[in-house]
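Coordinate-derived values only; no laboratory data. It should be emphasised that the depicted structure is a prediction, and the values quoted were computed from it without experimental measurement. Here the Cβ is made from the backbone with ideal geometry for all residues, glycine too, and neighbour counts use every protein chain on show.
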Amino acid sequence: MLYDKNILTLRKQFFSREVSFNRFKKLSVEDIEEVKRQAKAFRENLNCDRLGKIDVYNRVLLYLTSPIVYPNLKSFDEQVLFLILVCDENLSCLKKYSESQIITLKAIDEAPKEEQGKLIALRSEQMHKMIASIRETAGFYDDRVLKYETIYVKQLYQNECYESNVQKVAITPLLLSHKDVTSFIDVTDEEMANIDAIAEDYRARVSDPKSFNTLAYNIITKRRKLVVATREERMLLLIHIIDPELMILKIYGEESTYENIKRRCIEEFGYFHRDLIRLEKAYHARFCPDKKVSEWDDEKKLLWQE
């Protein structure tokens with residue numbers, strides 16, 4: 001399967017810990033980002049581009065089986081994720097496996113007995129071709145790595161893909177669960193720069209970036225992709241993506257009745273909730289206090305009136 005006794009020994013030592021594997025379910029957003037940071041630094045320090053990929057795999061196993069790894073990557077889940085990100089960041093192993101049309105063991109079991117022998121031989125031939133293809137592309141083949149990449153895609157990687165055109169109602173529950181957010185005063189400029197980068201990425205990847213409902217659904221379900229640490233940052237991201245020009249606040253300043261505010265917001269945004277006024281006032285106060293949003297600015301009164 002592998003290439004020398006040293007790798008075989010290291011591999012056996014490393015995967016002997018897999019009894020503690022939790023399928024990446026207990027990793028927080030912060031845990032994952034830290035593993036990514038460490039993997040990137042490891043690749044840069046190792047100068048991976050100049051090494052053969054099997055050598056990189058060997059070096060990673062050597063690191064992961066050494067005592068120095070524990071202060072940095074405490075759990076087996078973190079260590080496996082580190083292994084994937086350093087050795088096969090583009091998931092070449094899994095992609096080549098997915099491209100291979102290999103007869104399943106279930107199909108062989110369900111086939112007539114007189115055909116099973118031929119199918120077993122054919123499966124063996126297909127497996128050898130698949131392994132050779134993975135080795136050619138990724139530089140190594142390890143069935144355990146393939147197994148963990150499959151779990152990684154199901155648990156983490158797919159979570160990094162945004163949903164579009166969401167029909168399930170998500171925006172109102174999201175707003176109601178964040179009614180305690182009344183200020184963005186503690187959000188730093190650095191955190192705002194991160195939110196700006198996330199917003200730009202989101203707008204480029206989603207077919208309906210101005211949909212409150214789609215964005216709310218992604219905020220609720222894609223916590224590992226939308227890396228915003230606090231409740232305040234989640235609400236800030238909502239406003240920053242959908243209405244950075246604070247048009248809802250402008251409508252609020254221009255209209256005199258709740259009915260007219262609601263009607264215009266639904267006409268222009270497809271949705272309205274009174275909590276958006278509170279959030280946009282907080283956004284205005286923290287990030288653009290000099291921005292004129294209505295003719296009533298001189299009064300310095302943006303009080304809610306129905």
ask   = Under the Karplus relation 6.51 cos²θ - 1.76 cosθ + 1.60, θ = phi - 60°, what is the ordered set of whole-Hz ³J(HN,Hα) values for the stretch 111-125, x standing for Gly and Pro?
value = 6, x, 4, 5, 9, 5, x, 5, 5, 5, 5, 5, 4, 4, 5
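Tell me, in nm to one decimal, what length is gained between residue 208 and residue 23 on full extension, where the rule is 0.36 nm per residue of separation less the Cα-Cα distance? Intermediate results must be reported in sequence, preceding the final value.
On the way: separation 185, 0.36 × 185 = 66.60 nm, distance 3.20 nm.
The span from residue 208 to residue 23 would gain 63.4 nm if fully extended.
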Restricting the stretch 39-134 to trypsin sites (Lys or Arg not before Pro) in coil, as DSSP defines it, with at most 14 other Cβ within 10 Å = 74
request  = Using only the C-alpha atoms of the chain, find the volume of their convex hull and express it per residue in Å³.
outcome  = 181
task = Once you have the Cα-Cα distance between residue 33 and residue 62, take 0.36 nm times their residue separation minus that, and quote the gain in nm to one decimal.
result = 8.2 nm
message = With +1 assigned to the C-beta of every Lys and Arg and -1 to the C-beta of every Asp and Glu, and no other charges, what is the dipole magnitude of the stretch 119-222 about the Cα centre in debye, to the nearest 20?
response = 680
ask   = Per residue of the chain, what 222 nm ellipticity follows from adding -39500 (n - 2.57) for every DSSP H run with n ≥ 4, rounded to the nearest 500?
value = -18500 deg cm²/dmol
task = Set Lys and Arg Cβ to +1 and Asp and Glu Cβ to -1, take the dipole of the stretch 171-299 about its Cα centre, and tell me which of 206, 235, 251 lies farthest positive.
result = 206
ask   = Can you give the angle from 0 to 90° between the axis of helix 5-15 and the longest principal axis of the chain, with both taken from C-alpha atoms, to the nearest 10?
value = 40
ask   = When the Debye formula is applied to the Cα atoms of the stretch 5-159, each taken as the same point scatterer, what base-10 log of I(q)/I(0) results at q = 0.09, 0.12 Å⁻¹?
value = -0.34, -0.58
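When ranked by the protection proxy of mean other Cβ atoms within 10 Å per residue, highest first, what sequence do the peptides 209-222, 254-267 form? Display every interim value, and only then the final one.
On the way: 209-222: 20.3, 254-267: 14.1.
Going by the mean number of other Cβ atoms within 10 Å, highest first, we get 209-222, 254-267.
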Lysines with Cα under 20 Å of residue 26, excluding same-chain neighbours fewer than 8 positions away = 36, 74, 147, 154, 222, 225
request  = With only Lys, Arg, Asp and Glu charged, each at its Cβ (+1 for the first two, -1 for the last two), find how big the charge dipole of the stretch 171-299 is about the Cα centre; round to the nearest 20 debye.
outcome  = 760
request  = Subtracting the Cα-Cα distance from 0.36 nm times the residue separation, let me have the gained length for residue 111 to residue 192 in nm, one decimal.
outcome  = 23.2 nm
note = Each label sits 7 Å from Cα toward the beta-carbon; between residue 164 and residue 95 the label points are separated, in nm, by 2.1
Computed magnitude of the charge dipole of the chain (debye, nearest 20; Cβ of K, R +1, Cβ of D, E -1) = 1300
Rounded to 10°, Cα long-axis angle of helix 212-221 versus longest principal axis of the chain = 40
key: residue 103-residue 290 pseudo-label distance in nm [points 7 Å out on the Cα-to-Cβ vector]   = 7.5
task = Starting from the Cα of residue 129, draw a straight line to each of the aspartates and glutamates and keep only those under 20 Å, dropping any in the same chain fewer than 8 residues away.
result = 88, 99, 142, 143, 149
request  = Give me the angle, in degrees from 0 to 90, between the Cα long axis of helix 53-64 and the longest principal axis of the Cα atoms of the chain, rounded to the nearest 10.
outcome  = 80
